């Protein structure tokens, strides 16, 4: 199966999530190995996901947990009383 | 996310409902981050997100009786967090912004193509360490149309699986896949300028970070 670039882009997400069937996977890999553009698209998309998964991208405010449990405790006291 | 085992959790819930309400603190501890980050990623406002996370947890406590255990507790909780985020988004949003979302349909021929690069060099992990880049990502996520943002937050930030994401948002798995793909392409497009400027000359063309 030969894919053009646009077709490959449609499968980038599926590729990164390892959800392509064997035939599509082989076709995407073959194309990407020979296509500088699609290889760059794939790498840059993967970089976005690496960055997203980094715990430091979304950090908790200092003292968040303490304040949460305090407020929760106050709400719970209010309901039982 | 380090969750308590399901049986442990079920036992905790049973005891909380039987009157040991103090145990609710223990039940939610593994999910504090999940709830806050979900709301923050949607709203991109720390104060709103913290207040929203507190409200969501209180709401979860009040409605714990209605948790039936068909879904995972974390999925149920994230649904509450998402609803809290939506509520706050509606409150702060103008009608003009709202109508923007409506025009973007899932099945139109919209342009969800990535940014095409011809001079890309795979960038080293150190470049991703930059704080500025993380800020740009937060901004780009917050700027996604809402329905794409929601799916991206649950799948790629919270790392829920497709089925959990579908359940939390009340949509089917196919739609989760479509929206996630589009969200990722939009983010790639938005972030490529920043990723690129950080790229040094040279570097491996085919280096893969994740096998």
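The values are calculated or read from the model by the stated rules, or taken from the named source; none is laboratory data. As the structure is a computational prediction, the values presented were derived from the model and not from experiment. Reconstructed Cβ throughout: ideal geometry from the backbone, glycine too, with neighbour counts over all protein chains shown.
Here are the numbers for this structure:
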| read-out | value |
| --- | --- |
| The listed residue being at the interface with chain B (Cβ under 7 Å from one of its Cβ atoms), within 30 Å of residue B:59 (Cα to Cα) and not in a helix (DSSP H, G or I), out of A:52, A:57 | A:57 |
| Answer from A:65, A:13 - the residue that is in a helix (DSSP H, G or I), under 24 Å from residue B:190 (Cα atoms) and facing another protein chain (nearest Cβ under 8 Å) | A:13 |
| Residues that are in contact (Cβ under 8 Å) with a residue 40 or more places away in the chain and within 30 Å of residue B:92 (Cβ to Cβ), drawn from the stretch B:1-29 | B:1, B:24, B:28 |
| Any hit, the stretch B:5-23, residues being out of contact with any strand residue (DSSP E or B) (no Cβ under 9 Å at 6 or more places or on another chain), modelled with pLDDT of 95 or more and farther than 23 Å from residue A:77 by Cα | no |
| Any hit, the stretch A:40-48, residues being more than 7 Å from chain B (Cβ to nearest Cβ) and at pLDDT below 95 | yes |
| Residue list for the stretch A:32-65, restricted to those being farther than 30 Å from residue B:29 by Cα and surrounded by fewer than 21 Cβ atoms within 10 Å (Cβ to Cβ) | A:33, A:34, A:35, A:36, A:37, A:39, A:46 |
| Conditions (1) within 9 Å of chain A (Cβ to nearest Cβ); (2) touching a residue at least 12 places away in the same chain (Cβ under 8 Å); (3) more than 28 Å from residue A:56 (Cα to Cα): number failed by residue B:62 | (2) |
| Unmet requirement for residue B:165, which otherwise passes all of (1) assigned to a helix (DSSP H, G or I); (2) surrounded by fewer than 16 Cβ atoms within 10 Å (Cβ to Cβ); (3) under 12 Å from the mean Cα position of the chain (by Cα) | (2) |
| Filter pass, residue A:45 being in contact (Cβ under 8 Å) with a residue 24 or more places away in the chain and under 25 Å from the mean Cα position of the chain (by Cα) | yes |
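One line per residue, one yes/no per condition, for (1) touching a helix residue (DSSP H, G or I) at 6+ places or on another chain (Cβ under 7 Å); (2) in a helix (DSSP H, G or I); (3) more than 8 Å from every other protein chain (Cβ to nearest Cβ):
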{"position": "B:12", "(1), (2), (3)": "yes, yes, yes"}
{"position": "B:27", "(1), (2), (3)": "yes, yes, yes"}
{"position": "B:33", "(1), (2), (3)": "no, yes, no"}
{"position": "B:39", "(1), (2), (3)": "yes, yes, yes"}
{"position": "B:47", "(1), (2), (3)": "no, yes, yes"}
{"position": "B:50", "(1), (2), (3)": "yes, yes, no"}
{"position": "B:54", "(1), (2), (3)": "yes, yes, no"}
{"position": "B:77", "(1), (2), (3)": "yes, yes, yes"}
